[in-house]
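Here the structure is laid out as structure tokens; the discussion comes afterwards.
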Amino acid sequence: MNQSQYNQLFSFIWNIATDVLVYAFEKGDYKKIILPMMVLRRIDVLLEPTKQQLLTQKELLDRNNIQNQDPILYNATGYPFYNTSKFTMKTLKSETDPLRLKMNFTDYLNGFSKDVQDIIDKFKLRQMVDNLTEAERLGSIIEKFTDDKINLSNKPVLDDEGNVRLPALDNHTMGTIFEELLRRFNEENNVTEAGEHFTPRDYVKLLADLAVLPIADKITDNTYHIYDGACGTGGILTIAQDRIQEIAEKQGKHVNINIFGQELEPHTFATCKADLMISGNIKAFQYQYGAEQREYIAYDSTISRDGHAGETFDFCISNPPFGTPWKEDLKKRGLGENEKKKFTDSRFTVLDSEGKELSFIPDIGDAQMMFLANNLSRMREDTQLGTRIVEVHNGSSLFTGDAGSGASNLRQYIIENDLLEAIIAMPENDFYNTGIGTYIWVVTNRKEERRKGYVQLIDATEIKSPLRKNLGMKNCETSEADREQIIKLLMDFEETPQSKIFPNNEFGYWSVKVYQPQRDEQGNIILKKGVPVIDKKSKDTEIIPFRYEGGIEGFFLNEILPYSPEAILDKNSIETGYELSFTKYFYKPKELRSLSEISSDIRAIEERTDGLLNEILGK
């Protein structure tokens with residue numbers, strides 16, 4: 001589908017809202033109707049060609065009292081779903097009586113197989129039918145979505161001569177249209193939720209390349225598992241799947257790929273499930289894990305209800321929500337907002353090298369680091385490839401949290417276990433509803449020999465291509481050429497103005513408290529058993545880099561005692577912390593103006609002030 005065809009399809013669907021729903025619904029409710037109907041029609045149109053065959057098969061099965069009908073009916077449609085109602089959306093639109101139409105549409109919804117029923121429930125489609133009937137808009141919206149001018153199928157519409165009249169709508173384009181509609185609807189109503197689950201497709205392709213290309217030569221005839229704990233409409237999963245398949249085929253390898261995900265938002269979960277089902281990426285939605293039946297795409301919060309507990313994956317690729325509180329996850333565990341220390345989960349707590357418990361639980365105001373900790377718990381230790389994690393964060397993940405906090409502990413664990421391959425700073429305004437810069441973490445338990453003990457920081461903030469027209473706040477994209485440049489920086493692993501390489505201990509520090517002694521009224525130091533008593537009100541916290549020559553003692557001797565000879569170092573307060581600062585390593589000072597430029601400006605000011613002074617004095 002070319003850009004012109006995409007724009008035409010998008011505009012048609014967008015205009016349905018203004019043509020049909022205006023004056024009958026609040027603008028904030030448009031997306032709750034348009035998006036589910038688009039997904040439903042996409043499923044419906046695929047079942048149209050085999051409708052009569054399906055009904056005949058169903059009648060035969062019922063007549064012979066066959067109980068397990070699903071496999072046979074799936075075979076009849078060619079998809080892992082079916083509809084045993086006598087109606088299709090096209091036949092429904094011929095009914096003019098509103099109440100009969102509602103009854104027929106309800107019968108139509110009830111005829112779908114179990115996995116589509118899940119999609120219908122997540123979209124609240126039955127309630128939507130009631131609302132559309134009450135507003136006398138149900139018939140109009142069915143008529144719009146069955147218009148011959150649009151094609152929501154994954155197969156092209158041909159003319160009488162066999163030429164393509166309307167191109168197929170593939171899975172990626174369907175996801176793009178869904179998310180672009182969601183963004184536009186939200187913009188119209190000053191809502192900013194879209195960015196919580198929508199990663200621009202150009203950005204997704206970079207994530208897939210970062211995950212796969214550095215280990216392309218290690219891909220073998222094998223089965224690989226890809227996981228996204230915040231999968232939205234599934235774009236990351238399917239693009240990564242395609243990328244692995246493409247690379248494997250170039251190398252003459254035959255691979256099978258299974259995709260796993262979890263999503264909290266019901267609309268995006270339903271869309272993800274529908275598109276995976278339609279595209280054939282998932283033949284069956286359940287799989288066996290021990291004695292348990294599980295969903296490949298699990299519903300609910302990854303943080304509080306792990307839909308894939310105990311499982312490991314070859315690739316974990318995610319764009320978790322930024323700055324989103326996780327209070328609701330505490331509530332689901334029966335805990336209050338001040339009880340995060342009682343939130344127990346093996347994914348978020350490990351033992352350090354000394355056997356001390358290391359908690360990764362972050363501040364309650366932002367859950368993004370918990371998604372990274374969740375992915376760490378998925379790493380495979382028993383395969384040649386191990387696991388590659390590629391995850392998007394905002395800047396706070398680099399430095400938020402004091403020494404000993406959950407976020408700092410997570411950075412400590414990743415770096416001290418030599419898991420951090422690289423962090424890439426991306427351009428600002430690369431997302432739709434936020435101008436903030438983002439950072440891509442690349443984490444692996446199979447580092448190349450040359451990378452062991454080192455972390456690579458890449459400044460890709462200027463590697464971008466401008467958009468001809470802004471999409472929300474997004475004014476640039478990561479083109480194919482941009483992706484190649486970023487991948488080259490990563491794989492070359494060399495020091496350049498855009499690539500810096502540091503030993504792991506560059507990012508570690510000690511946090512230690514320093515006090516002054518208490519003094520009596522005469523100013524004398526108060527002693528207890530010959531030891532100065534500390535003045536707790538005089539506390540200062542010093543941050544001492546691991547790489548400071550002489551360590552804590554050297555810092556105290558060189559940086560504190562010369563200026564405060566009586567200072568007391570509290571060795572019991574020492575804590576380890578880790579943080580990263582791109583500004584520190586890639587700071588670009590503003591170029592100073594030349595003396596000639598400054599002199600020229602001064603002379604110009606003097607000339608203006610001389611003229612003003614003469615005017616005041618009347619000369």
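The values are calculated or read from the model by the stated rules, or taken from the named source; none is laboratory data. All values reported here derive from a predicted model rather than from experimental measurement. Ideal geometry is used to build each Cβ from the backbone, glycine not excepted, and the neighbour counts take in all protein chains shown. Protein only, heavy atoms only, side chains kept; ligands, DNA and RNA dropped before computing areas. Shrake-Rupley method; radii C 1.70, N 1.55, O 1.52, S 1.80 Å.
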Original post:
Sorted by mean Cβ packing within 10 Å, highest first, what order do the peptides 551-560, 458-467, 233-242 take?
Top reply: 233-242, 458-467, 551-560
Original post:
So which aspartates and glutamates can Lys464 reach, going by Cα to Cα under 15 Å and dropping same-chain residues fewer than 8 places off?
Top reply: Asp202, Glu428, Asp430, Glu477, Glu480, Asp482, Glu484
Original post:
Gain in length, Asn256 to Glu495, computed as 0.36 nm per residue apart minus the alpha-carbon separation, to one decimal in nm?
Top reply: 82.3 nm
Original post:
Where a ≥ b ≥ c are the square roots of the eigenvalues of the C-alpha gyration tensor, would you call region 139-268 rounded, which needs a/c under 1.5, or, failing that, prolate if a/b is larger than b/c, or oblate?
Top reply: oblate
Original post:
What accessible area per residue comes out for the chain, rounded to a whole number of Å², with a 1.4 Å probe?
Top reply: 49 Å²
Subject >> Between 0 and 90°, nearest 10: helix 98-110 axis offset from the chain longest Cα axis >> reply: 70 degrees
Subject >> Built amide H within the under 5 Å cut-off of Gly508, gap 5+ >> reply: Phe546
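Placing +1 at every Lys and Arg Cβ and -1 at every Asp and Glu Cβ, with all other atoms neutral, what dipole size does the chain have around its Cα centre, in debye to the nearest 20?
Values: 75 positive and 97 negative charges, 196 e Å.
Here the chain has a charge dipole of around 940 debye.
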Original post:
Over what distance in Å are the Cα centres of region 467-534 and region 57-122 separated?
Top reply: 58 Å
**OP:** Calculate one ³J(HN,Hα) per residue across region 483-494 by plugging θ = phi - 60° into the Karplus curve 6.51 cos²θ - 1.76 cosθ + 1.60, and present them in order as whole Hz with x for glycine and proline.
**Re:** 4, 4, 5, 5, 4, 4, 4, 5, 7, 5, 6, 10
Original post:
What angle, in degrees between 0 and 90 and rounded to the nearest 10, separates the Cα long axis of helix 51-63 from the longest principal axis of the Cα atoms of the chain?
Top reply: 80 degrees
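How large, in percent, is the carbon and sulfur part of the accessible surface of the chain at a probe radius of 1.4 Å? Before the final figure, lay out the partial values.
On the way: 14660 of 30560 Å².
Carbon and sulfur: 48 percent of the exposed surface of the chain.
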Original post:
Quick one: Karplus J couplings for region 2-8, per residue in order, coefficients 6.51, -1.76, 1.60, θ = phi - 60°, nearest Hz, x for Gly and Pro?
Top reply: 7, 4, 5, 5, 4, 4, 5
Original post:
So how far apart, in nm, are the two label points at Gln288 and Glu188 if each is 7 Å from Cα heading toward Cβ?
Top reply: 4.9 nm
Subject >> Two-site label geometry, Arg547 and Ser573: point separation in nm, points 7 Å out along Cα→Cβ >> reply: 2.7 nm
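Evaluate E = 1/(1 + (r/R0)^6) for Glu339 and Arg305, where r is the Cβ-Cβ distance and R0 equals 22 Å; express this FRET efficiency to the nearest 0.05. List each step's numbers first, then the result.
Working: r = 18 Å, r/R0 = 0.81.
Step by step, r from the Cβ atoms, then E = 0.80.
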Original post:
On full extension of the chain, what length is gained from Leu55 through Ile602, given 0.36 nm per residue of separation minus the C-alpha to C-alpha distance?
Top reply: 188.0 nm
Original post:
Amide H to amide H, which residues 5 or more places from Cys476 or on other chains are under 5 Å from it, using H placed in the peptide plane?
Top reply: Leu467
Original post:
What are the residues whose amide H is under 5 Å from the amide H of Ile534, where those residues sit 5 or more places off or on another chain and H is modelled from the backbone?
Top reply: Gln518
**OP:** Give me the angle, in degrees from 0 to 90, between the Cα long axis of helix 595-617 and the longest principal axis of the Cα atoms of the chain, rounded to the nearest 10.
**Re:** 80 degrees
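Once you sort the root eigenvalues of the Cα gyration tensor of the chain as a ≥ b ≥ c, which label holds: rounded (a/c under 1.5), prolate (a/b larger than b/c) or oblate (the other case)?
Working: a/c = 2.11, a/b = 1.63, b/c = 1.30.
Cα axes put the chain in the prolate bin.
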**OP:** Enter the accessible area of Asp418 (Å², nearest 10), with the probe set to 1.4 Å and all protein chains included.
**Re:** 40 Å²
Subject >> Under Karplus coefficients 6.51, -1.76 and 1.60, residue-wise ³J(HN,Hα) of region 322-330 in Hz, glycine/proline x >> reply: 9, x, 9, x, 10, 4, 5, 5, 5
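State the extension gain, in nm to one decimal, for the chain segment bounded by Lys331 and Phe10, taking 0.36 nm per residue of separation less the distance between their alpha-carbons.
Values: separation 321, 0.36 × 321 = 115.56 nm, distance 3.93 nm.
Working it through step by step, the gained length comes to 111.6 nm.
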